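> What follows is a single structure, and I will ask about it in a moment.
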Amino acid sequence: LCRSTIAVAMRVLAGLSAAAWAKAPALIPVANNTVSGGPEAFSFPKVHERFTVFNGKYSGEDRLEVYHGTELIEAVSTTGSIYTYFGDFDVGSTPQRYAVALLAESTSGKSGIFVHSGSTSTDKDQVVVELGAAMPGRNETFAYLADPSIFLLEDGVRVAFMAKGTTDYRAVYMGTSKNGGPFELEVVVDETSGIPGDKGYFFKCFYGPQVTMDSLVFFGSHCGTKSIRGPVDDNGYGPIEAEAMRRKVVGSTTAADHVLKVDHLDAGIFTVDLRSKAIHPVASMSAATKVPGKGNETFTSFSEPVVSGSFAAFAGLSSGGAVGLY
């Protein structure tokens, strides 16, 4: 959570044509830490269609605040729910409903990823996965969770997330729940998956998985000599991850999640077909993807991706030193 003088604002899209949007975006303040009664600080917001969610820090409590357009429609608080701590989160919606996937610690002492369906009691929230639970098909348990992403199906919900096990096994998992039933977990991509275009390296680091109806988009690499969050320890964890492991809690969104990961080997933005599990590069170092408009310059580093429908976006650095959004 940033503690400088900041404000959360939304661009109003309703009724704007593409040309009007390009010329006249409207900025409306939603939260401001200089206004009496406002949050002291807040996280990066997550947006889907007209829904916006962010974690606001108030005196004595944290709140996951949900806006529809410019209207606050729900606030899940650490003082009035089953939760005592919020980490990463994501929001998904259809014309009929919305839901939030969140990393959290509960009043029962359990930590994990949960799904909160809009405007219902948190007592009814679904458990996707908990720290300490058995990893499907492996002789170890979940030791670290991060980066939940949610997609609403007609008859259920799908949640993807990054996980590490007690043996340092790393993977991106997806859980699917149909008609309110329990989540069934499966591996989408893991450290046994080869990086497309490179016969010598396998995936080891995963960040920012984004799940859709038919695919999953993620930042992947063979890791690097140091973490973007600082030097890694003997187990390959950066300071934030190591602290989370020590405290046995879940990860939390930080500014480092949104910057270029310049130290990673064979990095790229990749997509996985959820039916065939085939992995394809969107843009990657191993594929020597050329940077649009930069001649023979290729991408050398990437941020985590964001996804909306069939579109993915990321920040990238070229071999000539150009930084851009793609």
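The values are calculated or read from the model by the stated rules, or taken from the named source; none is laboratory data. On a predicted model such as this, the values are computed, not experimentally measured, just so you know. All Cβ positions, glycine included, derive from the backbone under ideal geometry; neighbour counts span all protein chains shown. All accessible areas refer to the heavy atoms of the entire protein, side chains included, with ligands and DNA or RNA removed. Shrake-Rupley method; radii C 1.70, N 1.55, O 1.52, S 1.80 Å.
> Name the one entry in Tyr173, Tyr207 that is at pLDDT 95 or above and touching a Phe, Trp or Tyr at 6+ places or on another chain (Cβ under 7 Å).
Tyr173
> Restricting to segment 267-326, count the residues that are of a type outside the set (A, V, I, L, M), farther than 15 Å from Tyr207 by Cβ and either open to solvent by 20 Å² or more (accessible area, probe 1.4 Å) or in contact (Cβ under 8 Å) with a residue 60 or more places away in the chain (or both).
Qualifying residue count, segment 267-326: 25.
> So, in segment 68-90, of the ones that are of a type outside the set (Ser, Thr, Tyr) and closer than 14 Å to Asp123 by Cα, which residue ends up surrounded by the fewest Cβ atoms within 10 Å (Cβ to Cβ)?
The qualifying residue surrounded by the fewest Cβ atoms within 10 Å (Cβ to Cβ) is Gly80.
> Tally the residues that are charged (D, E, K, R), farther than 13 Å from Thr122 by Cβ and buried (at least 21 other Cβ atoms within 10 Å of the Cβ), restricting the search to segment 47-67. Give the steps one after another, and end with the answer.
Our first condition is that a residue be charged (D, E, K, R); within segment 47-67, this holds for 49-50, 57, 61-63, 65.
From what's left, farther than 13 Å from Thr122 by Cβ: 49-50, 57, 61-62, 65.
From what is left, the residues that are buried (at least 21 other Cβ atoms within 10 Å of the Cβ) are 62, 65.
So the count comes out to 2.
> Here is a list of conditions, (1) within 23 Å of Ser43 (Cα to Cα); (2) at pLDDT below 95; (3) among the polar types (S, T, N, Q), and Ser149 meets all of them except one; can you say which number that is?
(2)
> Working carefully through the options Ala7, Ala99, find the one that is at pLDDT 80 or above and either more than 28 Å from Leu145 (Cβ to Cβ) or out of contact with any Pro (no Cβ under 6 Å at 6 or more places or on another chain) (or both).
After ruling out the rest, the residue left standing is Ala99.
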